[in-house]
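Notes follow once the structure below has been shown.
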Amino acid sequence: MITYNESERIFKLDTPNTSYIFGIDDKFGYLMHYYYGRKLRNAKDNIRYLSRLYDGDVLPEVNTKDKNSFLDFAPFEYSTGGIGDYRSHALEILLENGTTAAELKYLSHRITKGKSVHEGLPGTFAKEGEAENLEVTLTDPEIGLTVELFYAVFADTDCIVRSAKIYNEGQTPIYLTRVMSTTLNLDNKDYNLLTLHGSWARERHKEFRKIGHGYQGVSSRRGESGHQEHPFMAITDRNLTETTGEVYGFNFIYSGNFTAEVSLDQFNLIHAEMGINPYNFKWKLEPGDSFTAPEAVMTYSFNGLGDMTRSFHSLYRNHLIRSPFLHMKRPILINNWEATYFDFDTDKLLAIAKEAASVGIEMLVMDDGWFGNRYDDNRALGDWIVNEEKIKGGLKFLVDEVNKLGLKFGIWMEPEMISPDSDLYRAHPDWAIQIPGRNPGLSRNQLVLDITRPEVWEHTWNSIKTILESANIEYLKWDMNRQLAELYSAGLPADRQGELYHRYVLALYRMQEKLVETFPNLLIENCSGGGARFDPGMLYYSPQIWTSDDTDAIERLSIQEGTAMIYPLSTMGAHVSDCPNHAVGRVTPFKTRGHVALAGTFGYELDITKIPVEERAQIPFQVAQYHKYNDLVREGNYYRLASFSDNGEYDAWMVVSQDGTEALVTYVDVFKHPNVKSRRLLLQGLDASKEYKDAESGKIYGGDTLMYAGYPLPGTWGDFKSTLIHLELC
Ligand code: GLA
């Protein structure tokens, strides 16, 4: 899969359908990118012309000088600042003498079996025979700077994973001010840029724009990946469809500040980069120290957006998500947040649990409000002591009672936070991230704990551990409800304050790692005010993440479409909630709410003791549907068929089992229009040469008929109606 052509000095990374090629320039020893795209065979051509380095007057044999003109077009595999490449750089540094130039040249490389692991960071992994690894070492000996570039190629997916490690091998400190994890140079073919944008309660909506000259992209400066923009971008054909056109997809395995950007230069060349956001980033490398950039994933598809999605899904299922729950049906939960908010006690929770048990729900999750004097969201974060006024009899009593009803028990915590009105803050005001002498800005009336400090980290970890060990708790919802601001850590000297954003994420990862190690059988659902930290970094620790605080079935169509564009359906926390919906006031059929939630982990978030009897009566049927279809939804291949966010009328997606024997189509007819003929839905992923039986009607259809002529969708009456179509191979 990875080859090195000794005479041409070319590296070729082959995935099942793609090739990624770069090599060493003969004159200067620069690492130059040549090609990324459809798989190339190993022809005897000399592909090095693709660098264009030999076109112009840059090289000495043409201009008869040492170096001339600028390297402003050179497709550097890992570019640096200060040497005449005026585009953005993969690496920017600052030396003690105030200079910023660095010039990296090839030193050595190593091709190994397997996948390298970067301690302390989430990342992809592979079993024996599943991956190959290339490490290329570059160096600037004049300043003692060495860079190792890592590339991993997997046998079973069209993804390449990259990262970089920077070493200071000099005598004086080097400050890193910009470190990208991946870069890519491409000829522009009138490409578009696809990104995901959003806000609280409307995360990950897709957006296309034409790539224009200058810089464009998405980023976060919030200390987490964020609701607003997503650590993902794709460079796509102008006429991209689900099944046709080129796509270069990028995703960052990181949960903090990121940048994902492309620029179009004066020569109509695209330069793409993804890495930690350089905003407020200044990392001091003492002589002998190193810094590892998080992993970034690249994937290329020439068969449309659908293939990109399935490549990401396959990488994350097989090589990123470690949880033992990944391939398991998750317990159907009922969460009391939208049911009670802060107004609950043992009796109320047991009443919900009792009713839930009677309809087949399998777990009660007690959300925010069970600790300290947490009667509203203005106080008590950090005081992880059970409030026995509410939880009468204590936590163990409640959990035991819930277990006696046949339900598992799950709990909510927001470990990284501290309320100014808390015993913890009164005892340790300096544990919060804030600037001494400045009145800190609050968000949801809370501050962020400085978990980069060992004593704060230990205390926080012990609080989590004590609660989890105090009763039979089988699920944890780990929340994070504000972003970082007014950065200052009492644990860092002035010249290391620029490390705080990243150190914070590393401390979070250490704690999640400890959690996974200490409680291997705990089901973890990460969350951040809904979906503000729904990223591959967090998926390394938890198999599912709460997708959005917006549980409205129609809003969820766009949110889940954007999320599932990258992440498997099995990772998306999705619940049936009460109507009128608490985020938008919309009333949708209970059945539709169920169908949309079935595309994720599935559960309920409502007061089952209060909802209308007709709705309650549907729950056992929904529960049965979940048990019937979850293996298929969780493990199957996912295809987008129609996008409500594109057509404004209806949405549809389907999953096909890995063995191709069954498929489930979900169709949501959002807005009904009068006097229209029946709609035919073109399915995907079936075997054109086989027949399928529609389980509901018993009718037989050819796979080719369903994919090329379309499935005849049933007419619906009224808005927000939905249908499930289950197809079985005959
Ligand atoms: C966040 C979560 C919600 C809920 C509340 C509790 O907003 O996304 O699901 O847990 O916090 O305060």
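Applying the set (1) open to solvent by less than 40 Å² (accessible area, probe 1.4 Å); (2) within 24 Å of Y567 (Cα to Cα); (3) of a type outside the set (A, V, I, L, M, F, W, C) to G120 leaves exactly one unmet item: (1).
Here is a yes/no grid of residues against (1) surrounded by fewer than 24 Cβ atoms within 10 Å (Cβ to Cβ); (2) in a loop (DSSP other than H, G, I, E, B); (3) touching a residue at least 40 places away in the same chain (Cβ under 8 Å):
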site: T177; (1), (2), (3): yes, no, yes
site: N185; (1), (2), (3): no, no, yes
site: D190; (1), (2), (3): yes, yes, yes
site: L194; (1), (2), (3): yes, no, yes
site: K206; (1), (2), (3): yes, no, yes
site: R222; (1), (2), (3): yes, yes, yes
site: S225; (1), (2), (3): no, yes, yes
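Restrict the check to the stretch 280-287 and report whether at least one residue is under 27 Å from Q483 (Cβ atoms) and under 23 Å from the mean Cα position of the chain (by Cα). Yes: the stretch 280-287 contains one or more residues that are under 27 Å from Q483 (Cβ atoms) and under 23 Å from the mean Cα position of the chain (by Cα).
Whether any residue in the stretch 483-495 is within 16 Å of the ligand (Cβ to nearest atom) and not in a helix (DSSP H, G or I) is what I want to check. Looking through the stretch 483-495, at least one residue is within 16 Å of the ligand (Cβ to nearest atom) and not in a helix (DSSP H, G or I).
Closer than 22 Å to V365 by Cβ and crowded, with 24+ Cβ neighbours inside 10 Å: is that true of Q618 in this structure? In short, no. Only one of the numbered conditions (1) closer than 23 Å to T241 by Cβ; (2) in contact (Cβ under 8 Å) with a residue 24 or more places away in the chain is not met by N647, and that is (2).
Residue-wise test of (1) out of contact with any helix residue (DSSP H, G or I) (no Cβ under 8 Å at 6 or more places or on another chain); (2) open to solvent by 10 Å² or more (accessible area, probe 1.4 Å); (3) more than 16 Å from the ligand (Cβ to nearest atom).
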| position | (1), (2), (3) |
| --- | --- |
| G360 | no, yes, yes |
| V365 | yes, no, no |
| D368 | no, no, no |
| R374 | yes, no, no |
| A380 | yes, no, no |
| W384 | no, yes, no |
| V399 | yes, no, yes |
| S419 | no, no, no |
| R426 | yes, yes, yes |
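Just to be sure, is F291 in the same structural domain as I235 (by TED's automatic domain parsing), more than 29 Å from D376 (Cα to Cα) and open to solvent by 30 Å² or more (accessible area, probe 1.4 Å)? No: the conditions fail for F291. Kindly indicate the residue of the stretch 63-93 that is at pLDDT 90 or above and open to solvent by 50 Å² or more (accessible area, probe 1.4 Å) and also nearest to P173 (Cα to Cα) among those meeting that condition. Once the filter is applied, the top-ranked residue is E92. For the stretch 550-564, a residue qualifies if it is in contact with a strand residue (DSSP E or B) (Cβ under 7 Å, 6 or more places away or on another chain) and more than 16 Å from the ligand (Cβ to nearest atom), and the qualifying residues are L557, S558, E561, G562, A564. The set of residues in the stretch 232-260 that are of a type in the set (S, T, N, Q) and part of a strand (DSSP E or B) comprises T236, N251, T259. Only a single criterion out of (1) more than 26 Å from R222 (Cα to Cα); (2) open to solvent by less than 10 Å² (accessible area, probe 1.4 Å); (3) away from the ligand (no atom under 16 Å from the Cβ) is not satisfied by A432, namely (1).
The set of residues in the stretch 386-397 that are within 16 Å of the ligand (Cβ to nearest atom) and surrounded by 20 or more Cβ atoms within 10 Å (Cβ to Cβ) contains only K390.
The numbered conditions (1) more than 16 Å from the ligand (Cβ to nearest atom); (2) among the aliphatic types (A, V, I, L, M); (3) in contact with a strand residue (DSSP E or B) (Cβ under 6 Å, 6 or more places away or on another chain) are all true for I334 except (1).
Within the stretch 518-537, residues that are without any contact (Cβ under 8 Å) to a residue 40 or more places away in the chain and of a type in the set (D, E, K, R) have Cβ atoms under 6 Å from residues that are open to solvent by less than 10 Å² (accessible area, probe 1.4 Å) and within 10 Å of the ligand (Cβ to nearest atom) in no pair, counting only partners at least 6 apart in sequence or on another chain. Out of all the residues in the stretch 127-172, which are open to solvent by 40 Å² or more (accessible area, probe 1.4 Å) and either closer than 19 Å to A296 by Cβ or within 23 Å of the chain's Cα centre (by Cα) (or both)? Scanning the stretch 127-172 gives K127, E130, A155, D156, K165.
On inspection, Y604 passes the criterion of being open to solvent by less than 40 Å² (accessible area, probe 1.4 Å) and out of contact with any Ser or Thr (no Cβ under 7 Å at 6 or more places or on another chain).
Restricting L315, L350, L333 to residues that are within 20 Å of Y475 (Cβ to Cβ), hydrophobic (A, V, I, L, M, F, W, C) and under 26 Å from the mean Cα position of the chain (by Cα) narrows the list to L333.
Number of residues in the stretch 521-549 that are within 10 Å of the ligand (Cβ to nearest atom) and assigned to a loop (DSSP other than H, G, I, E, B): the value is 7. The single residue among F252, F232 that is crowded, with 18+ Cβ neighbours inside 10 Å and within 28 Å of Q497 (Cβ to Cβ) turns out to be F252.
The values are calculated or read from the model by the stated rules, or taken from the named source; none is laboratory data. From a predicted model like this one, the values you see are computed outputs, not experimental measurements. Cβ: placed from backbone, ideal geometry, glycine included. Neighbour counts: every protein chain shown. Just so you know, the surface numbers come from the protein's heavy atoms only, side chains and all, with ligands and any DNA or RNA stripped out. Shrake-Rupley method; radii C 1.70, N 1.55, O 1.52, S 1.80 Å.
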